[in-house]
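Asks: Quick one: this structure, given as structure tokens, is what I'll be asking you about.
The values are calculated or read from the model by the stated rules, or taken from the named source; none is laboratory data. Source: prediction; values computed, not measured. Cβ atoms come from the backbone with ideal geometry, glycine included; neighbour counts cover every protein chain shown.
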Amino acid sequence: MKQVLCVGALTVVLAGSVPAEVPAWGFGPFVRPASVNPIVAPNTNSVFDCSMRGTPVHWEALHTFNPAAVVRDGKVCVLYRAEDDSGATKIGAHTSRLGLAVSTDGLHFERQPAPVVFPAEDGQKTNEWTGGCEDPRLVEAEDGTFVLTYTQWNRKSARLAVATSKDLVHWIKHGPAFPTFAGYNKSGAVVCGIADGRLKAVRINGKYWMYWGEGTIASATSDDLVHWRMGEAVLKARPGKFDSSLAEAGPSAVLTAQGIVMLYNGKNNATGGDPSLSPEVYAAGQALFDAKDPAHLLARTDAPFYQPEAPYERTGQYAAGTTFIEGLVLFHGQWFLYYGCADSFVAVAVWKPRIQG
């Protein structure tokens with residue numbers, strides 16, 4: 001089917017199957033703009049002088065995926081994970097860096113020629129060489145500083161890290177979010193509110209909150225968005241559901257009148273999962289948490305609100321298919337959801353709510 005949506009002054013034709021239903025407290029339905037996706041694809045012509053390797057590298061030659069997003073100066077800015085053409089031909093064997101792309105309409109993007117976050121000759125080389133910087137989430141602080149959470153991968157362990165920037169180009173790396181925790185940790189989604197028509201980090205009970213983790217999602221709190229304290233587990237995998245193998249934090253969670261809405265990623269188990277989905281496919285769900293107690297789960301969707309359907313979501317290095325959500329922005333009164341496709345491309349879906357929550 002096709003639908004028509006007005007994006008600012010631009011009329012967009014939306015194509016695809018009937019969108020999945022969402023609960024009254026949820027976000028959506030999100031629909032794919034026709035003839036737009038993927039919005040970022042690999043570019044074999046991009047070359048970057050890499051201090052880690054001491055040579056020029058084709059930094060986004062193989063795959064571009066898993067994007068974060070934020071609104072700055074009236075434009076949508078996307079940070080996306082890019083893999084170079086080094087290493088063995090298998091998932092996790094290449095070096096990842098984060099590229100920057102900018103759009104005036106949220107749909108069509110211009111990329112910067114060089115990555116903006118990457119493994120370098122700096123204080124984080126122990127955590128980032130030679131796997132790199134992966135899977136960003138992005139939020140604006142109240143003072144206009146941009147706070148990035150991303151995965152540091154040194155080919156031995158994955159660690160959730162924090163960096164800050166005033167311009168999205170020059171970044172200060174602060175290192176692991178949980179420096180004394182040596183276990184596997186990644187995927188940090190900070191809770192935001194709506195201010196000045198866009199998402200900004202918000203304090204609840206005097207603290208910032210974050211949902212993080214792959215497998216089981218947990219909470220964390222902070223006084224400054226840089227240094228974090230681990231909290232309790234809040235969301236686990238469920239047998240027979242789309243998230244039967246794991247649950248993983250998605251983009252920024254949003255404080256609404258109904259509570260905190262967290263969009264998250266679920267992986268379907270190869271056995272004992274949702275029989276309507278392919279084994280090991282990644283689809284997206286939603287959860288609602290108490291606005292006064294962000295660790296208290298109120299509701300959760302039993303079925304995904306977004307899942308792989310289009311060819312670009314099933315064609316790539318992750319053949320089972322992914323709609324791996326990591327970026328969410330409110331832009332000109334509409335919600336733009338940015339996601340990774342089969343670990344190979346970046347795509348976008350759009351929702352225009354009748355009433356802002």
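To keep it simple, each residue is scored yes or no on (1) hydroxyl-bearing (Ser, Thr, Tyr); (2) touching a Leu at 6+ places or on another chain (Cβ under 9 Å); (3) at pLDDT 95 or above; (4) closer than 27 Å to THR64 by Cα.
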| position | (1), (2), (3), (4) |
| --- | --- |
| ALA299 | no, yes, yes, no |
| LEU328 | no, yes, yes, yes |
| ALA342 | no, no, yes, yes |
| TRP351 | no, yes, yes, yes |
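Asks: Okay, next question. Within segment 330-338, is there a residue that is in contact with a strand residue (DSSP E or B) (Cβ under 9 Å, 6 or more places away or on another chain) and within 21 Å of LYS90 (Cβ to Cβ)?
Replies: Checking segment 330-338: not a single residue is in contact with a strand residue (DSSP E or B) (Cβ under 9 Å, 6 or more places away or on another chain) and within 21 Å of LYS90 (Cβ to Cβ).
Asks: Residues being under 22 Å from ALA163 (Cβ atoms) and more than 19 Å from the chain's Cα centre (by Cα): count how many of those fall in segment 196-227.
Replies: So the count comes out to 7.
Asks: Going through segment 43-61 one residue at a time, which ones are of a type in the set (A, V, I, L, M, F, W, C) and surrounded by fewer than 19 Cβ atoms within 10 Å (Cβ to Cβ)? Steps first, please.
Replies: So the first thing to find is which residues in segment 43-61 are of a type in the set (A, V, I, L, M, F, W, C), and the list is 47-48, 50, 52, 57, 59, 61.
Correct list: VAL47, MET52.
Asks: Now, a different point. Looking only at segment 243-259, how many residues end up being assigned to a loop (DSSP other than H, G, I, E, B) and either more than 14 Å from PHE305 (Cβ to Cβ) or charged (D, E, K, R) (or both)?
Replies: The total comes to 8.
Asks: Which of (1) surrounded by fewer than 17 Cβ atoms within 10 Å (Cβ to Cβ); (2) closer than 18 Å to VAL139 by Cβ is the odd one out, the single condition PHE181 does not satisfy?
Replies: With (1) surrounded by fewer than 17 Cβ atoms within 10 Å (Cβ to Cβ); (2) closer than 18 Å to VAL139 by Cβ applied to PHE181, the lone miss is (2).
Asks: For GLY175, work out the one condition from (1) in contact with a Gly (Cβ under 8 Å, 6 or more places away or on another chain); (2) under 29 Å from PRO353 (Cα atoms); (3) not charged (D, E, K, R) it doesn't fulfil.
Replies: Among (1) in contact with a Gly (Cβ under 8 Å, 6 or more places away or on another chain); (2) under 29 Å from PRO353 (Cα atoms); (3) not charged (D, E, K, R), the lone unmet condition for GLY175 is (2).
Asks: On to the next question. Out of everything in segment 56-71 that is farther than 18 Å from LEU337 by Cβ and not aliphatic (A, V, I, L, M), what residue ends up being nearest to the chain's Cα centre (by Cα)?
Replies: Top of the filtered list is HIS63.
Asks: So which strands (runs of 3 or more DSSP E) are wholly in segment 281-352 and hold at least 3 residues that are crowded, with 18+ Cβ neighbours inside 10 Å?
Replies: Filter on segment 281-352 gives 282-289, 323-331, 334-341, 345-351.
Asks: Out of all the residues in segment 260-280, which are out of contact with any Pro (no Cβ under 9 Å at 6 or more places or on another chain), part of a loop (DSSP other than H, G, I, E, B) and not charged (D, E, K, R)?
Replies: If the condition is that a residue be out of contact with any Pro (no Cβ under 9 Å at 6 or more places or on another chain), part of a loop (DSSP other than H, G, I, E, B) and not charged (D, E, K, R), then PRO275, SER276, PRO279 are the ones that fit.
Asks: Let me ask something else about it. Among ASN37, ASN45, which is the only one that is within 18 Å of the chain's Cα centre (by Cα), in a loop (DSSP other than H, G, I, E, B) and among the polar types (S, T, N, Q)?
Replies: Details: ASN45 fails: within 18 Å of the chain's Cα centre (by Cα).
Matching residue, one of ASN37, ASN45: ASN37.
Asks: If you check ALA233, ALA247, which single one turns out to be in contact with a Leu (Cβ under 6 Å, 6 or more places away or on another chain) and either closer than 28 Å to GLY175 by Cα or without any contact (Cβ under 8 Å) to a residue 60 or more places away in the chain (or both)?
Replies: ALA247
Asks: Scanning segment 136-164 for residues that are of a type in the set (Gly, Ala, Ser) and closer than 17 Å to ARG81 by Cβ, which turns out surrounded by the most Cβ atoms within 10 Å (Cβ to Cβ)?
Replies: It comes out as ALA161.
Asks: Which is under 22 Å from VAL78 (Cβ atoms) and of a type in the set (D, E, K, R), of ASP343, ASP290, ASP302?
Replies: The conditions single out ASP343.
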